[in-house]
Amino acid sequence: MSHPFTTQRKSLIIYSLVWLIIAAIYTVVLVFKKEFSLTISLTEAFLSNITYGLLGLIIWYPTNYIPFKKEVPVYSISAHIAAGLIIIFTWLFATNGLLSALFGSDPIYNNYIQTSFFWRGFVGGMIYLVLVLIYYLIAYARSLREKAQNEEKLRTLVKESELNMLKSQINPHFLFNSLNSISSLIISNPDEAREMIIRLSEFLRYSLKHRENEFVTLDEEIGRMKDYLAIEKIRFGDRLEYKLGTHGSCGKQRVPTMIMQPLVENAIKHGVYESLEPVYVEFSCSIEEGLLVLLLKNNFDPDQPARPGTGVGLQNVSERIRLAYDGKGRMSKRVLDGVFIVTLYIPTNQ
Amino acid sequence: MNKIKALIIEDEKPARDLVSKYISGIERLELLGEYDNGFSGLKAIQELQPDVVFLDVQMPKLTGFEMLELLDYKPEIIFTTAYDQYAIKAFEHSAVDYLLKPFSQDRFGEAVNKLVERIDSGTAKDDQFARIRRHLEESEENINRVVIKKAGKIHVISTDKIYYLEAQDDYVMIYTADERFLKQQTMKYYESHLDANSFIRVHRSYIVNIQTIDRIEPYEKTNYILILKSGSKVPVSRSGMQVLKEKLNF
């Protein structure tokens, strides 16, 4: 852990100020109580306090390495006594040596230095205790904050992974509304109801493959998108028109499973779900300069507000392509005259 | 026995057909009409004054919930929905009934029986609307548009078109670039349901869309005032200034 005083300017200033104040008070006491000259008093006060102030900074390190235990803290206490004695004696000998060298010729002062030795040692010990306490409190506050931060980080991670799981599932709106449509068709048009059940099954079976992260031919991928759109067409009637075509060698190219699904679902969600006017979904593909280009267009109502979660599905597709093709594949999207266009660029297999 | 007059408002045809079929199986119910969107449904409710509306929650442009906010004539409501993302769970313990799609003729019959009981016993239905409103206010979902009736016209305002909101007693005045709309709602509701990344309560009486701020100017000695891109001026309280500083990093 970084030192709380030396690494932060503000706390270093406060720490120094406290020591200066103590030194000032000590000076006043020496001048008025002990009646030493101002020079002696100032030197003694500032020399001892600045020395201890510097040694006090060092105390952070033993505090940091001596763990504070709730059980019988024999080890902690003895370690602190040892560290404390070293600090206090260093301080006493350093200051006493310097002060006697400077003012030893003054007999009254010399006498004072000798007689106050144990008293100083006691005060030094007290200061050691106070500093250790402060350092422990700081370390404790820090670990609390760190713990809270870690928990927060963990919570975000968990939420993210939950979200990813949700995103990979079939939109429940689609599923339950489709089942409701089937329930209705069973009465009015049993043949169509059976057709819809078959399409829904094909689509669900296909979407389960998604987890295995397989590759399939574009023909198969588009075939399942046709199932999906046929089901939506039964729900929405004239509000949805679509054309999905693969030409020539495109259809034989391999693509990650369910790579088009989020795009088609997006077109339905932002186009059909939010528009009273018919929405036209069109898919086309081509091969250009070694890249398979997949293009999906849909018109939409430009007045509609951006829905929450917009772009998450698309971002996932972009991410998948980037990862699956080592950065050689990509996705682009644009809006042109009320038409939303998504394009996927995927390296061809040859 | 007098008939109970019903309407269906639902955007998917197979779903409408099903409810219509279920209605025809219950003698007490009389179907007045079917509507495939909130706007035509709203008009029909005002004109035909049905006793009950079977109302889909998710519809384009105007959801079932948003429709209710605009009604003057208040029929009984039975919601139909595929998925309970719309805080539908909150309705579970209130008199408001809802049907999760797909539902059976029996489940439909149960909802109608409850309805018949309420109508025959004359239980006040007015508080049904208050309850729905309260439930919606308690939901934590952010709103991305506001529906308002002004001079007989329905306006669906995308929240990113809103410049600022001003408290006016029991109402809130909503300002766009060049228009304003009065809506019966609380500031507290908007403060908690508008996207907090864009909308900030800068004053006891004002919420502002930070995307529309042009500049901030000092006002009198210690206060500040926001000048929006539309030229409107919005006062800022001291605590409001604090939040703005944090949000805009200055």
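With just the Cα atoms of chain B, tell me how far they stretch along each of the three principal axes, in Å, largest first.
Principal-axis extents of the Cα atoms in chain B, largest first: 73, 33, 33 Å.
Please work out the C-alpha center-to-center distance from the stretch B:50-66 to the stretch A:220-266 and express it in whole Å.
The stretch B:50-66 and the stretch A:220-266 have Cα centres separated by 30 Å.
Report the full-extension gain for the segment B:Lys21 to B:Ser205: residue separation times 0.36 nm, less the Cα-Cα distance, to one decimal in nm.
So the extension gain works out to 61.2 nm.
Rounded, prolate or oblate, given the Cα gyration tensor of the stretch B:4-138, with a/c below 1.5 counting as rounded?
Rounded, because the longest to shortest axis ratio a/c is under 1.5.
Give the Cα extents of chain A along the principal axes, in whole Å, largest first.
That gives 117, 46, 43 Å along the principal axes, largest extent first.
How long are the three semi-axes of the equivalent ellipsoid of the protein assembly as shown, in whole Å, if each is the root of 5 times an eigenvalue of the C-alpha gyration tensor, listed from largest down?
Working from the Cα gyration tensor, I get semi-axes of 72, 34, 25 Å.
Dipole magnitude of chain A about its Cα centre, charges +1 at Lys/Arg Cβ and -1 at Asp/Glu Cβ only, in debye to the nearest 20?
The dipole magnitude comes to about 1060 debye.
Determine the gain in length on full extension of the stretch A:Asn150-A:Leu47; use 0.36 nm per residue of separation and subtract their C-alpha separation, reporting nm with one decimal.
32.7 nm
Which three lengths, in whole Å and largest first, does the stretch B:127-250 cover when its Cα atoms are put on their principal axes?
Each principal axis gives a Cα extent; for the stretch B:127-250 these are 49, 29, 24 Å.
Counting GluC sites (Glu not before Pro) as exposed when in a DSSP loop with at most 10 other beta carbons within 10 Å, what is the longest stretch of chain A free of them? Spell out each step's value before the answer.
On the way: sites that count: A:Glu35, A:Glu71, A:Glu289.
Formally, the longest exposed-site-free interval is A:72-288.
Show that you can apply the helix-only estimate: for chain A, add -39,500 (n - 2.57) for every DSSP H stretch of four or more residues, divide by all residues, and state [θ] at 222 nm to the nearest 500.
Details: 10 runs with 219 residues, N = 350.
Helix-only estimate at 222 nm: -22000 deg cm²/dmol.
Determine the calculated [θ] at 222 nm for chain B from helices alone, applying -39500 (n - 2.57) to every DSSP H run no shorter than 4 residues and normalising by the residue count; nearest 500 deg cm²/dmol. Spell out each step's value before the answer.
Numbers: 7 runs with 77 residues, N = 250.
Only helices count here, giving -9500 deg cm²/dmol.
Among the DSSP beta bridges whose two residues both lie in chain B, what percent are antiparallel, rounded to the nearest 5?
Taking every DSSP beta bridge within chain B, about 65 percent pair in antiparallel fashion.
Please figure out what share of the DSSP beta bridges in the protein assembly as shown is antiparallel and state it in percent, rounded to the nearest 5.
Here the antiparallel bridges make up roughly 70 percent for the protein assembly as shown.
Assuming R0 = 22 Å, can you tell me the calculated FRET efficiency for the pair A:Ser188 and A:Ile341, based on Cβ-Cβ distance, to the nearest 0.05?
0.05
Would you work out the charge dipole size for the stretch A:9-162 about its Cα centre, treating the Cβ of every Lys and Arg as +1 and the Cβ of every Asp and Glu as -1, and quote it to the nearest 20 debye?
Using Cβ point charges on Lys, Arg, Asp and Glu, the stretch A:9-162 gives about 280 debye.
Which value, in debye to the nearest 20, gives the size of the charge dipole of the protein assembly as shown about its Cα centre, when Lys and Arg are +1 and Asp and Glu are -1 at the Cβ?
2100
Mind checking B:15-25 for the average number of partner chain beta-carbons within 10 Å of each residue's beta-carbon?
Details: counts 6, 1, 6, 8, 2, 1, 3, 2, 0, 0, 0.
Mean shielding by partner chains, rounded to a whole number: 3.
Please arrange A:Trp119, A:Trp60 by how many other C-beta atoms lie within 10 Å of their C-beta, fewest to most. Mind showing how you got there, number by number?
Details: A:Trp119 9, A:Trp60 21.
Lowest count first: A:Trp119, A:Trp60.
How many partner chain Cβ atoms sit within 10 Å of a residue's Cβ in peptide B:6-14, on average, as a whole number?
If you average over the peptide's residues, the count of other-chain Cβ atoms is 5.
Need one number: nm distance between label points at A:Ala94 and A:Lys252, each 7 Å from Cα along Cα→Cβ, rounded to one decimal.
Output for this residue pair reads 8.5 nm.
Every number here is computed from the coordinates shown, using simple stated rules; none is lab data. Because the structure is predicted, anything quoted here is derived from the model rather than measured. A quick note on method: Cβ atoms are made from the backbone with ideal geometry, for glycine too, and the neighbour counts reach across all protein chains shown.
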